[in-house]
Structures are given as C-alpha cells and as structure tokens.
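Since the structure comes first, as structure tokens, the remarks are kept for the end.
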C-alpha cells in the first residue's frame, strides 16, 4: 500500500458516504475541510440527493456520482461496509482507496477491497491524517 502522503498527493476527488447537511456532524465538518484543502468533494446520502451543501453536491448513491472518484471516505456504521464495498466494485471506474473513519472496522469488507486491488485505510480520520501531514 502507498503511504498516506502518496494517497493524498495522488487524489483529487473524494466521495463522502454518509455526508450530513448538519454542520455539527463529523461528516459535514470533514467534508468541508477536505473541500477547503483543494479536494473536490461529493456527498453521498439518499436524503440529500440533488442538494448542494456548502458547495458540496450530494448524490443518493455512489453509483450515481458521474465523476471518477479517487477516495471513498465512509461515515457509516461497520455493518454497512461490505455493502458499500460491493457498491464500489460495481463502479465502471473504481476508486483507488476506500477510507473508513474511527471505529468503522470490518475485516470481510477490507479483505474484499484488497482482493479487488483497492487500497484500504481503516479506522483513521482522514482530516486528522491530512492535518498531520500538511499543516
């Protein structure tokens, strides 16, 4: 697996699964942070389909994001990970990285991603890791 600095330096587009329009929620705060640090961010949340939240366009599912995604950043509970990885595998152009936030762990989902040549960063906050490296 590439180092985190290599992942960040070679990524431009991030889809945030479980994005919230509530600015107090971590998915919103972190999505806005990433967007403010030169990433193009798309929110994925069926409730927010078609909305733009702080210039982050939202889609109902990963499959409906019409752009190439570099990192899929997941803010969902662990039991949803395998389903999300399966959705990633259905994409015509797959992201190079799946990233799960603190406490989001599922070894079966990780194994599935790795078997399909998708890098997997688990149980780490993408904002914290970015700040450690670049701020």
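Key figures for this structure:
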item	result
Burial ordering of 77, 32, fewest other beta-carbon atoms within 10 Å first	77, 32
Sorted by Cβ neighbour density within 10 Å, fewest at the top, the residues 104, 16	104, 16
Net length gained if the chain between residue 5 and residue 29 were fully extended (0.36 nm per residue, minus Cα distance)	6.5 nm
Helix-only mean residue ellipticity at 222 nm for the chain, each DSSP H run of n ≥ 4 adding -39500 (n - 2.57), per residue, nearest 500	-9000 deg cm²/dmol
Computed lengthening from residue 93 to residue 51, 0.36 nm per intervening residue step minus Cα-Cα distance	12.7 nm
Alpha-carbon spread of the chain, three principal axes, descending order, Å	36, 33, 26
Relative contact order, percent, the stretch 36-96 [alpha-carbon distance under 8 Å, six or more residues apart]	27 percent
44, 97 arranged by Cβ crowding within 10 Å, fewest neighbours leading	97, 44
Rounded, prolate or oblate (a/c below 1.5 giving rounded, otherwise prolate when a/b exceeds b/c) for the stretch 13-88 by Cα gyration tensor	rounded
Contact order relative to length of the chain, as percent, for alpha carbon pairs under 8 angstrom and 6 or more apart	21 percent
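Since every read-out is calculated from the coordinates, none of them should be taken as a lab result. What you are looking at is a predicted structure, and each value in this text was computed from that prediction instead of being measured. No Cβ is skipped: glycine too gets one built from the backbone with ideal geometry, and neighbour counts run over all protein chains shown.
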